[in-house]
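> Below: one structure in structure tokens.
Since every read-out is calculated from the coordinates, none of them should be taken as a lab result. These figures come from a predicted structure and were not determined experimentally. Cβ placement follows ideal geometry from the backbone for every residue including glycine, while neighbour counts extend to all protein chains displayed.
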Protein chains: 2
Amino acid sequence: MALKSFINVPADHPFPIQNLPYGVFSPKGQAPRCGVAIGDFVLDLPMLVHAGLLTHRDADLRTAFDSPSLNGFMALGKQVWSDVRRRLQELLNEHTGVLRDDPSLRSRAFLRRDSVTMHVPSQIGDYTDFYSSRQHATNVGTMFRDPDNALLPNWLHIPVGYHGRASSVVVSGTPVRRPVGQTKPGEGPPVFGPCRLLDFELEMGFFTGSGNPLGHPIPLDEATDHIFGLALVNDWSARDIQKWEYVPLGPFLAKNFATTVSPWIVPLEALEPFRVEREPQDPEPLPYLNGDPQGLYNIELEVAIQGSGMKAPHVVCRSNMRHLYWTMAQQLTHHTVTGCNLRPGDLLASGTISGPEPESYGSMLELAWRGTKPIAMPDGSERKFLQDGDSVIMTGWAQGEGYRIGFGEAEGTVLPARQV
Amino acid sequence: MALKSFINVPADHPFPIQNLPYGVFSPKGQAPRCGVAIGDFVLDLPMLVHAGLLTHRDADLRTAFDSPSLNGFMALGKQVWSDVRRRLQELLNEHTGVLRDDPSLRSRAFLRRDSVTMHVPSQIGDYTDFYSSRQHATNVGTMFRDPDNALLPNWLHIPVGYHGRASSVVVSGTPVRRPVGQTKPGEGPPVFGPCRLLDFELEMGFFTGSGNPLGHPIPLDEATDHIFGLALVNDWSARDIQKWEYVPLGPFLAKNFATTVSPWIVPLEALEPFRVEREPQDPEPLPYLNGDPQGLYNIELEVAIQGSGMKAPHVVCRSNMRHLYWTMAQQLTHHTVTGCNLRPGDLLASGTISGPEPESYGSMLELAWRGTKPIAMPDGSERKFLQDGDSVIMTGWAQGEGYRIGFGEAEGTVLPARQV
């Protein structure tokens, strides 16, 4: 019989009992703490611990959950995550009375999600961004370099990535101010002013678990155990700033003004039924990277834009996490192969996830093909890049039999540039 | 009359009363806390607060100093740093009796530096590395691109930089294991194995103070107020890994296996007498970056290598911080111009500091000119890049009248690669 909670959750709702994503929330006027989303509610985890309903023989769950970040829980490792998840599913099960039948406990343990403020779920020590969609890398190479040699020579051999900025990772709902910076239009001298080519990048990110000591790489067959869970990521990009600054050290200011994450981290275990095979990798990667054939997930992804004059969001992109070439485990193993240490709560993102069809491209740059194919919007306007007032809404879900594992939203609205 | 302490400090000692650098130390078996170096001693700051000798009307110095990092103190801002520094100089002055004449207090407040363990002085939220020496950028461009167009088009317009890895910043004395990774020798397929071209990069880094909120850039005329102090940085680099991975997103694994910092942060105020003019910038930078003509410091820098069979270190490089083209304030302002937020304790490093003379080049790559001019060592060996067992020792100092503002050391010894 299908797993079901006493909390009512419609079949198309993102947060059924099969999901149970983790986040950090604060009730009005109270300190941030860890919770789990179930239906339209947040389950207050420190409250459960306090009531004696949530314990673990090997772990101090009170310290882990009565905290403004999930780092402590992430550090406890896979076995504890799994045990706690099982216990939460038991407590929330329609047949379990302990919460269901105790109105006083229930009213303290469950808060309406629309009444709380969400926060970035971990204190991100380091944020890394990869570039792992072949279609995206091919599109960019075709537009800016050589259509016949669109992929750079290293791309099929290593999950190319770079270090991003951790301080400017913001939670869904945080407005994003159009950045001001230096660009070089055409052959003239560089100029200073608001970014003209503001873009989103549709990505999935994962948060790391216990991590590894400096000098001790994580082999590929252990890498998945170090993944705590996944979230949606919008790696906002200032294309004109990027173009002028990125040679030879990579993107810097073009990406560090904001990165939006969805507030709920979906545990890897919830996604297990949705594993899919990645495409065969040819050439075969070097042995340290060769493996993880089932390392991708069938997660539908959508990006919608709602302009300030529009009545509803308009979907501009439909993609899927399975379109990635390199898996999360391959990214993680590559990241640590030199000995680089990961810490609990680090964020590693996929890079823009573009599928094979033009409507599945994960950025405005690709969707409007460098401005040559403007996107028509329902209010009669068109978009080459993002306009002030545009709200960019990313959603994602894995469709199960009669339930959905949803990611909620990664949303951000573009504010006009500051006056200069 | 010259400022002098009752603690005996010879004229060529790095840590006189004019310096008073901050660090984080732990006495054997005790928790890390904040201290100041004076001569061969560490002054225990929480102990001074506890004894009622160090207070501030606007700041909780107990919380700031009884901490395993300096972030709390850094967040208090320039006025508090300045007030505390003045108070410490008063307490340590040869004419002040309160510490000098109290043997019991003295024995608790001063610990021998060789008896304590030093730590990375701040919890580094983000580490950024610039590329601000014109000679270094020219050398690299000459070797790898075109001697006639060695500088890339953006270099004279923006302080080029990239995000580094914060987790792998280690304190002086931490051994550095030669990384293993993917490289592509010549025309053949990529291979996996120990880095063959391991290098150091001589840099200076600065730690940030109170920082700025996301979306609020720091203008150039306020930037210096946000600099807490300076330290030596060795940005270890795996040149062969870097060459294969860095296009188009910049250095990643080639730099993230270790970055060494010296344990003592020299306050900007201690360096004030050593300000020097930067060279004129032509073309003139855009207005937001145009200024800070006195933004460099006359700080002598040296790199020595001691191979495992050598009796003493051999100096391979003599450079100076004044050889930088872009100043710290310019780097900081550029970093925030898009709205990127800095947090207390972030580390921003200069990039390799190479001077005009070949013996002032700040990396093995340049000193041995891509392996074509091996460096002769006193034991008869030679170096193109670093060998296992090599200890790389960076030192720096500003020479005053009868005293030195020293930086101590940023040292790391190369361990052999792990077996693969």
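> Per DSSP helix of 4 or more residues, -39500 (n - 2.57); summed, then divided by the residues of chain A. What does that give at 222 nm, rounded to the nearest 500? Mind dumping the intermediate values first?
On the way: 12 runs with 81 residues, N = 420.
Value at 222 nm, helices only, nearest 500: -4500 deg cm²/dmol.
> To continue, here is another question. List the distances, in nm and shortest first, from the label point of A:Ala31 to the matching label points in every other copy, placing each point 7 Å from Cα along the Cα-to-Cβ direction.
Shortest to longest, the spacings are 1.6 nm.
> What are the label-to-label distances in nm, one decimal and shortest first, from A:Arg275 to the same spot in the other copies, with labels 7 Å along Cα to Cβ?
Values, ascending and in nm: 6.2.
> Kindly write out, for region B:59-75 in residue order, the coupling ³J(HN,Hα) from the Karplus curve 6.51 cos²θ - 1.76 cosθ + 1.60 (θ = phi - 60°), rounded to whole Hz, with x marking Gly and Pro.
9, 8, 6, 5, 4, 5, 9, 8, 8, x, 8, 8, 3, x, 5, 4, 5
> Roughly speaking, what is the centre-to-centre gap between region B:295-324 and region B:116-137 when only Cα atoms are used, to the nearest Å?
16 Å
> Taking loop as defined by DSSP and a crowding limit of 13 other beta carbons within 10 Å, which GluC sites (Glu not before Pro) in region A:240-343 fit?
A:Glu277
> Taking amide hydrogens as modeled 1.01 Å from N in the peptide plane, which residues meet the under 5 Å criterion relative to A:Val169, leaving out close sequence neighbours?
A:Thr259
> Going by the rotation axis that takes chain B to chain A, pick out the residue of B with the closest C-beta and quote the gap in whole Å.
Checking which Cβ lies nearest the axis yields B:Gly250, 1.
> Using amide H atoms built 1.01 Å from N in the peptide plane, name the residues 5+ places from A:Gly39, or on other chains, whose amide H lies under 5 Å from its own.
Sorted by chain and number, the residues that satisfy this are A:Phe15.
> Among the aspartates and glutamates, select those whose C-alpha is under 13 Å from the C-alpha of B:Lys28, and discard any that sit fewer than 8 residues away in the same chain.
Reachable aspartates and glutamates: B:Asp114.
> Compute the acute angle (0 to 90°) between the alpha-carbon long axis of helix B:134-144 and the principal axis of greatest extent of the alpha-carbon atoms of chain B; round to the nearest 10°.
30 degrees
> I would also like to ask the following. Compute the FRET efficiency between A:Ala11 and A:Met143 as 1/(1 + (r/R0)^6), taking r as their Cβ-Cβ distance and R0 = 45 Å, and round to the nearest 0.05.
0.65
> Amide H to amide H under 5 Å from A:Asn256: which residues, 5+ apart in sequence or cross-chain, H placed 1.01 Å off N in plane?
Placed amide hydrogens put nothing under 5 Å from A:Asn256.
> With +1 on each Lys and Arg Cβ and -1 on each Asp and Glu Cβ, and nothing else charged, work out how big the dipole of the protein assembly as shown is about its Cα centre, in Debye to the nearest 20. It would help to have the intermediate numbers written out before the result.
Values: 72 positive and 92 negative charges, 215 e Å.
Dipole magnitude for the protein assembly as shown comes out near 1040 debye.
> Hey, got the average number of other protein chain Cβ atoms within 10 angstrom for residues in B:176-188?
Counting Cβ atoms of other protein chains within 10 Å of each residue's Cβ and averaging gives 3.
> I would also like to ask the following. For region A:216-262, what class follows from the C-alpha gyration tensor (a ≥ b ≥ c being the square roots of its eigenvalues): rounded when a/c is under 1.5, otherwise prolate if a/b is larger than b/c, else oblate?
Working: a/c = 4.50, a/b = 1.78, b/c = 2.52.
Oblate shape, in that a/c is at least 1.5 and b/c is the bigger or equal ratio.
> Okay, next question. Per residue of B:249-262, how many C-beta atoms from partner chains lie within 10 Å of its own C-beta, taken as a mean? Mind showing how you got there, number by number?
Values: counts 13, 11, 5, 13, 9, 1, 3, 9, 9, 6, 0, 0, 0, 0.
Other-chain Cβ atoms within 10 Å of each residue's Cβ, averaged: 6.
> Is the shape of region B:137-285 best called rounded, prolate or oblate, per the rule: a/c under 1.5 gives rounded, else a/b larger than b/c gives prolate, else oblate, with a ≥ b ≥ c the square roots of the Cα gyration tensor eigenvalues?
On the way: a/c = 2.09, a/b = 1.40, b/c = 1.50.
Judged from the Cα gyration tensor, region B:137-285 comes out oblate (a/c at least 1.5, b/c at or above a/b).
> Could you give, in nm with one decimal, how far B:Glu187 is from each other copy of that position, shortest first, with labels 7 Å out from Cα toward Cβ?
For B:Glu187, the inter-copy label distances come out at 3.7 nm.
> Also: Using the Karplus curve 6.51 cos²θ - 1.76 cosθ + 1.60 with θ = phi - 60°, what ³J(HN,Hα) values do you get for each residue of region A:307-316, in whole Hz, with x for Gly and Pro?
x, 4, x, 9, 7, 8, x, 10, 6, 10
> Let me ask something additional. Contour minus end-to-end for A:Glu187 and A:Glu359, with contour as 0.36 nm per residue of separation and end-to-end as the Cα-Cα distance?
58.6 nm
> I've got another one for you. Taking a ≥ b ≥ c as the square roots of the eigenvalues of the Cα gyration tensor of region B:1-130, is the shape rounded (a/c under 1.5), prolate (a/b larger than b/c) or oblate?
Here region B:1-130 falls in the rounded category.
> Along the positive direction of the dipole of chain A (beta-carbon charges: Lys, Arg +1; Asp, Glu -1; about the Cα centre), which of A:Val176, A:Gly52, A:Tyr325 reaches farthest?
The residue sitting farthest along the positive end of the dipole is A:Val176.
> Compute, for region A:125-283, the length of the dipole vector about the Cα centre, with Cβ point charges of +1 (Lys, Arg) and -1 (Asp, Glu) only. Units Debye, rounded to 20.
Roughly 820 debye for region A:125-283.
> With θ set to phi - 60°, apply the Karplus curve 6.51 cos²θ - 1.76 cosθ + 1.60 along region B:35-40 and write out the HN-Hα couplings as whole Hz, x wherever there is a Gly or Pro.
For region B:35-40, the Karplus-derived couplings read x, 10, 8, 9, x, 8 Hz, x marking Gly and Pro.
> How much FRET efficiency would the formula 1/(1 + (r/R0)^6) give for B:Glu279 and B:Ser82, where r is the Cβ-Cβ distance and R0 is 41 Å, rounded to 0.05?
Details: r = 30 Å, r/R0 = 0.72.
Efficiency, rounded to the nearest 0.05: 0.90.
> Tell me, what is the FRET efficiency for A:His216 and B:Ala31 to the nearest 0.05, using R0 = 22 angstrom and their Cβ-Cβ distance as r? Before the final figure, lay out each step's value.
Details: r = 25 Å, r/R0 = 1.16.
So the FRET efficiency works out to roughly 0.30.
> Okay, next question. Rounding to the nearest 20 debye, state how big the charge dipole of region B:1-134 is about its Cα centre with +1 on each Lys and Arg Cβ and -1 on each Asp and Glu Cβ.
80 debye
> A:Val247: net charge of surrounding residues, Cβ under 14 Å, Lys/Arg +1, Asp/Glu -1, itself excluded?
Once all neighbours under 14 Å are counted, the net charge is +2.
> Hey, another quick one. Can you tell me the Rg and the Dmax, both Å, for the Cα atoms in the protein assembly as shown?
Using the Cα atoms of the protein assembly as shown, the pair Rg, Dmax is 27.4, 88 Å.
> While we're on this one: Give the Cα extents of region A:148-227 along the principal axes, in whole Å, largest first.
51, 41, 24
> On to the next question. Using a Cα-Cα cut-off of under 26 Å, which lysines could be cross-linked to B:Lys4, ignoring same-chain neighbours fewer than 8 residues away?
Within the straight-line limit of under 26 Å, B:Lys4 reaches these lysines: B:Lys78.
> Average the reciprocal distances over every distinct pair of alpha-carbons in region B:203-344, invert the result, and give the Kirkwood radius in Å.
When all Cα pairs of region B:203-344 are included, the Kirkwood radius is 17.3 Å.
> Which lysines have a Cα lying under 25 Å from the Cα of A:Lys384, excluding residues fewer than 8 positions away in the same chain?
A:Lys184, A:Lys243, A:Lys255, A:Lys311, A:Lys373
> Go from 0 up to the bin containing the longest alpha carbon distance in region A:224-297, width 10 Å each, and give me the % of pairs per bin.
15, 28, 30, 27, 1
> Given the peptides B:377-389, B:28-40, B:222-234, arrange them by the average over their residues of other C-beta atoms within 10 Å, most packed first.
Highest to lowest by the protection proxy: B:222-234, B:28-40, B:377-389.
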